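Take a look at the structure below.
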Amino acid sequence: MARIIVVTSGKGGVGKTTSSASFSTGLALRGHKTAVLDFDVGLRNLDLIMGCERRVVYDLVNVVNGEATLNQALIKDKHCDNLFILPASQTRDKDALSEDGIERVLNELVKMDFEFIICDSPAGIEHGALMALTFADEALIVTNPEVSSVRDSDRILGIIQAKSRRAQTGGEPVKEHLLITRYSPKRVENDEMLSYQDVQEILRIPLIGIIPESESVLHASNQGNPAIHFKGTDVAEAYEDVVARFLGEERPLRFTNYEKPGLLQRLFGTK
Amino acid sequence: MSKSPSSLPIEIKISTVVAISAILHSSDPIAIDAALKQMTGGVSDFFDDEFAVIDVGAIAAGATYIDWRALVDLLKKYRLNAVAVRGATAEMIDAIKARGLALDDGAGGDRAREDVAAASAAVTIAPVQLSAPAPAPQPAPQPAPAPAPQALALPAMIVDTPVRAGQRVYARGCDLIITAAVNNGAEIIADGSIHVYAPMHGRALAGASGNAESRIFGLSLQPELVSIAGVYRTFDDGFPAELARQPAQIRLVGDRIDISSLTSHR
């Protein structure tokens, strides 16, 4: 049975698209047929981060309006054969997405035997974000360890509980996962940042992973490759952990402790 | 759930009405009439066509004959509508039923009141609660017709999920009990009192329709704003540190919001 997962946060710039890209890539690398949909109509970032912006012909709005078929619009990922990207339109506005249209597209994806359908939500709590979360079975709540981001995540959790199809029809509630991104153990140590325990105490949903703050995310975005492809980096490993936990494996939390650099490290400046 | 009840020709629900309890210490209509006249002081609308339960428990043992018709007419004269008899003996039952009065088994609770009343006038009035007789025209899925609960207060509204930023919970006409966290940016409102058995942030408004006796209770309080019966207090400089994050209650004392610990005194 296909699972529809919305990646959302309320606040902008916290790492939704970065996480959508790496999460969907991670699922595909483990052999699951995965689609990732960009709901950020009017801005369009996912195809840049996935490095397929030059292959975009049709987009989500075209499919919703029946101007193109899903097969025409889905772009096969350059690394994984079983990962497909449905980009957003840059020339329309968010109101172009209708609930009926989205439902049709998602149903069609389910019929095409996609196991995981990732909906990359725009920031905010307006129409685009609502459309992204309406049909979700599960939600990845992307949060930075910082009060305004936590507050916005809290808000979006409330909206999921009220507005999702599952909530409206009285079905089983949407399964929520907390993904903390841009985490810096050093700044937590110095009390410049909320700890992951603080964030969890406020939001009270299960933690699926912590992605450390890292320059490699910027490199990855600029190159058009999801960060999970950069083997050996903390960020790639953290995203691999997230995917493993999502698929039911046990993984210990990593990248949460600050280790003071040793003398040699300080002298020679490794890392 | 069942079909919309409003489409049925009859709808059966438990309801509670308040009735006057007329406790007799004499079966003599003339003595009762005199006592009522004295009590009402000749004011014709002393009673306002209220329901009345005739309580004969105190005289049932000694009284051999009660003229129910005269009694009902007498109460009617004083604008009391007799609907039931309480404390009747087995011999009285036929006569009571013949008059169209219901029998109230009055499951306990009235002994004490009678004892207190015994020394006073021949007719004592006290508010009692009376469950409306519930006819059962169809085999509705209805619990066994146990004696109706005596105190039918509005049940509190209970919330077991976190109340998050931007969410608002309103307990209309009753208390609000929340067993999960209330976060900053949330608003919890009750016409009665508010109880939160988890960390409480956000805004809490008790006694929203004006009940100044309402309170807010919490295991760990750190609200942004509290209000009781429209009197509010914000915490610009933070919630008082000595009361934060511990069991406390918030009351209205005069026109001031008072916060006190629930651990320091017992």
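Peptides A:213-223, A:2-12, ordered by how many other C-beta atoms sit within 10 Å of their residues on average, highest first, read A:2-12, A:213-223.
Count charges around B:Ala70 for me, please; just the other residues with Cβ under 13 Å from its Cβ, Lys/Arg as +1, Asp/Glu as -1.
It works out to a net charge of 0.
Between the residues B:Leu205, B:Ala165, B:Ile228, the greatest Cα displacement towards the positive end of the dipole of the range B:161-266, with unit charges on the Cβ of Lys, Arg, Asp and Glu, is found for B:Ala165. Each part reduced to its alpha carbon centroid, the range A:1-76 and the range A:122-193 end up 18 Å apart. Please work out the C-alpha center-to-center distance from the range B:28-43 to the range A:233-270 and express it in whole Å. Taking the Cα centre of the range A:233-270 as reference, the centre of the range B:28-43 is 90 Å away. Evaluated at q = 0.11, 0.17 Å⁻¹, the base-10 log of the normalised Debye intensity for the range A:21-167, with identical point scatterers placed on the Cα atoms, takes the values -0.39, -0.96. In a simple Cβ point-charge model (Lys, Arg +1; Asp, Glu -1; nothing else charged), the protein assembly as shown has a dipole of about 620 debye relative to its Cα centre. The tail of the calculated P(r) for the range A:92-162, taken as Cα-Cα distances beyond 16 Å, holds 53 percent of the pairs. When only the Cβ of Lys, Arg, Asp and Glu is charged (+1, +1, -1, -1), the dipole of the range A:1-100 relative to its Cα centre reaches about 440 debye. For the range B:143-256, the spread of Cα positions along the three principal axes, ordered from largest to smallest, is 56, 33, 24 Å.
Longer than 24 Å from Cα to Cα, which of A:Lys94/A:Lys231; A:Lys78/A:Lys175; A:Lys16/A:Lys76; A:Lys175/A:Lys231 are they? Say none if no pair is.
A:Lys94/A:Lys231; A:Lys78/A:Lys175; A:Lys175/A:Lys231
Expressed as a whole percent, the proportion of Cα-Cα pairs in the range A:1-107 lying more than 23 Å apart is 21%. Considering all C-alpha pairs of the range A:151-245, those separated by over 23 Å amount to 40%.
Positive end of the dipole of chain A, charges at C-beta (+1 Lys, Arg; -1 Asp, Glu), about the Cα centre: which of A:Thr8, A:Val235, A:Ser24 has its Cα farthest in that direction? Farthest along the dipole direction, towards plus: A:Val235. Using the Cβ of B:Leu154 as centre and a radius below 13 Å, the other residues enclosed give a net charge of -1, where K and R count +1 and D and E count -1. Counting Cβ atoms of other protein chains within 10 Å of each Cβ in A:160-169 and taking the mean gives 1. The residue among B:Gly185, B:Cys174, B:Phe217 whose Cα reaches farthest toward the positive pole of the charge dipole of the range B:174-266, with charges on the beta-carbon of Lys, Arg, Asp and Glu, is B:Phe217.
Shown here are the Rg and Dmax of the Cα trace of the protein assembly as shown, at 34.3, 112 Å.
Here chain A yields Rg over Rh of 0.97, to two decimals, using C-alpha coordinates and the Kirkwood radius. Legend: mean number of C-beta atoms from other chains within 10 angstrom of residue C-beta atoms, peptide B:156-166, equals 5.
Look at the stretch A:201-207: the mean tally of other chain Cβ atoms within 10 Å of its residues' Cβ atoms is 3.
Rounded to the nearest 10 degrees, the inclination of helix A:99-111 to the longest alpha-carbon principal axis of chain A is 80 degrees.
Rule-based calculations on the coordinates, nothing more; no lab input. Keep in mind that what you see is a predicted model, and the values were worked out from it rather than measured. We place every Cβ from the backbone using ideal geometry, glycine too, and count neighbours over all the protein chains shown.
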